[in-house]
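The values are calculated or read from the model by the stated rules, or taken from the named source; none is laboratory data. Remember, it's a predicted structure, so these values are computed and weren't measured experimentally. Note that we place each Cβ from the backbone using ideal geometry, even for glycine, and neighbour counts take in every protein chain shown. Calculation scope for accessible area: heavy atoms of the full protein, side chains included, ligands and nucleic acids excluded. Shrake-Rupley method; radii C 1.70, N 1.55, O 1.52, S 1.80 Å.
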Amino acid sequence: MFVIAGVTGHTGEVVAGTLLEQGKKVRVVVRSADKGAPFAARGAEVVVASLEDEAAMTRAFAGATGAYLLSPPAMTSPDMVAERRPMLDALARAVKTAKLPHVVLLSSIGAQHAAGNGPIKVVHHAEQVLGAATAVTAVRAGYFLENWAGVLPLAKKDGVLPSFLPATKPVPTVSTPDIGRVAAEALVAGARGRRVIELAGPTDPTPNAVAEAASRIFGRPVKVQEAPLAAVVPTFTSFGVSEGMARLFQEMYAGVIDGTVAWELRDAEPVRGRIGLDEGLRALAS
Ligand SMILES: NC(=O)c1ccc[n+]([C@@H]2O[C@H](COP(=O)([O-])OP(=O)(O)OC[C@H]3O[C@@H](n4cnc5c(N)ncnc54)[C@H](OP(=O)(O)O)[C@@H]3O)[C@@H](O)[C@H]2O)c1
């Protein structure tokens, strides 16, 4: 039995779907019963619980061989780091109490660092506390290809691809269906002590390469429009993101540029996804 969190999100849905297709027993954790209904219809057990609720999560983990966990984004939180720490600490206690043998954790490129990586410091903390509670496979994913989805309409309409990253900077990038598939494989593989998978797509595209792919998809020239890091906070807050969260993103972009947000490689297993840039972007553009 595998416990899967975040099934209404990008990656958890793929993890649960992949395991259900393989005939595995799955228990999904959702915040309301209606969100679990599509999974119940496919044969999953549904537990209504919040990841902050230690007692409910201890019950959710009971008897399971592994769980897929993530730290959900909190775009409007004034201090996401302070808010997520107690959630992750409670989850780690629940894992320990339930004697859960294995956690596959969605982590991030750059999670080897406790600072200088923006929101990634939260998954750094998650790796530490969960790793002290059980065997953890940390799936350190590259930049989500889905992060480009918000600016594709501009590329289509105006031929412009705004980017906070330099146009020629290669960025390890991965599509979330690849993450879900690799995480499902890691759950089935089972506990193997501390494991770190560094997961990117087939190539590490530059923003220029993303613009070229967008150009092929939309049948028009598309050019990268670089924006300075000073524009990160005003841009993100204009879309309703809290100032604290926007500052974390600014720190993350700075970390990508200065090389802090990079692979660790030392003890990690590098894995390449299957979904290429054109295929992934085409799916986001449709
Ligand atoms: N974006 C990137 O480039 C990038 C790169 C590497 C790693 N990451 C990591 O990816 C993670 C996000 O993964 P994702 O995109 O799959 O997530 P997502 O699509 O934003 O989904 C979040 C999921 O968590 C659930 N959730 C939220 N709060 C919850 C709570 N209190 N209790 C239980 N469930 C809760 C949501 O359910 P509801 O439907 O109830 O809201 C949803 O299913 C983050 O940890 C981030 O660090 C991101």
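Is it possible to state the helix-based mean residue ellipticity at 222 nm for the chain, with each DSSP H run of 4+ residues giving -39500 (n - 2.57), the sum divided by total residues, to the nearest 500 deg cm²/dmol? What is it? Please report the intermediate quantities before stating the final value.
On the way: 11 runs with 123 residues, N = 286.
Mean residue ellipticity, 222 nm, calculated: -13000 deg cm²/dmol.
If you keep only loop residues by DSSP, which trypsin sites (Lys or Arg not before Pro) in segment 150-228 have at most 13 other Cβ atoms within 10 Å of their Cβ?
Taking segment 150-228 and a limit of 13 other Cβ atoms within 10 Å, the loop trypsin sites (Lys or Arg not before Pro) found are R192, R194.
Find which of P153, L88, V188 sits farthest along the positive direction of the dipole of the chain, computed with +1 on the beta-carbon of Lys and Arg, -1 on that of Asp and Glu, about the Cα centre.
Most positive-ward Cα: V188.
Holding the Cα-Cα limit at 31 Å, pick out from K24/K121; K25/K96; K35/K157; K121/K169 the pairs that are longer than that. Spell out each step's value before the answer.
Details: K24/K121 33 Å; K25/K96 22 Å; K35/K157 35 Å; K121/K169 22 Å.
Violating the 31 Å limit, Cα to Cα: K24/K121; K35/K157.
Could you tell me the center-to-center distance, by alpha carbons, between segment 156-202 and segment 219-286 in angstrom?
Taking the Cα centre of segment 219-286 as reference, the centre of segment 156-202 is 11 Å away.
Given a Förster distance of 22 Å, report the FRET efficiency between E21 and R266 from their Cβ-Cβ distance, rounded to the nearest 0.05. Present the calculation step by step, with values, prior to reporting the outcome.
On the way: r = 34 Å, r/R0 = 1.57.
Efficiency, rounded to the nearest 0.05: 0.05.
For a distance above 28 Å, tell me the whole-number percent of Cα pairs in the chain that qualify.
Roughly 37 percent, rounded to a whole number.
Please give the per residue accessible area of segment 2-285, computed with a probe of 1.4 Å over protein heavy atoms only, in Å².
So segment 2-285 comes to 43 Å² accessible per residue, rounded to a whole number.
Averaging over every viewing direction, what projected area does the convex hull of the Cα atoms of segment 194-237 cover, in nm²?
Details: hull surface 22.8 nm².
Average projection, Cα convex hull of segment 194-237: 5.7 nm².
What's the carbon and sulfur percent of the chain's accessible surface, probe 1.4 angstrom, rounded to a whole number?
55 percent
For helix 243-258, what angle does its Cα long axis make with the longest principal axis of the chain, in degrees from 0 to 90 and rounded to 10?
For 243-258 against the chain, the angle is about 70 degrees.
Starting from the Cα of V151, move 7 Å in the Cα-to-Cβ direction to define the label point; list residues of segment 233-251 whose amide nitrogen is under 14 Å from there.
Counting backbone N atoms under 14 Å from the label point, the list is 233, 235-236, 250.
Rounded to the nearest 20 Debye, what is the dipole magnitude of segment 2-285 about its Cα centre when Lys and Arg each give +1 and Asp and Glu each give -1 at the C-beta?
Value, rounded to 20: 540 debye.
So what's the net charge close to F236: Lys and Arg +1, Asp and Glu -1, counting the other residues with Cβ under 14 Å from its Cβ?
Every neighbour counted, the sum reads -1.
Report, in degrees rounded to the nearest 10, the 0 to 90 angle that the Cα long axis of helix 12-21 makes with the longest principal axis of the chain.
60 degrees
What longest range of the chain stays clear of loop-exposed GluC sites (Glu not before Pro) (DSSP non-H/G/I/E/B, at most 16 other C-beta within 10 angstrom)?
Segment 53-263 is the longest.
If the cut-off is a Cα-Cα distance under 21 Å, which lysines reach K156, setting aside same-chain residues fewer than 8 apart in sequence?
Straight-line reach from K156, under 21 Å: K223.
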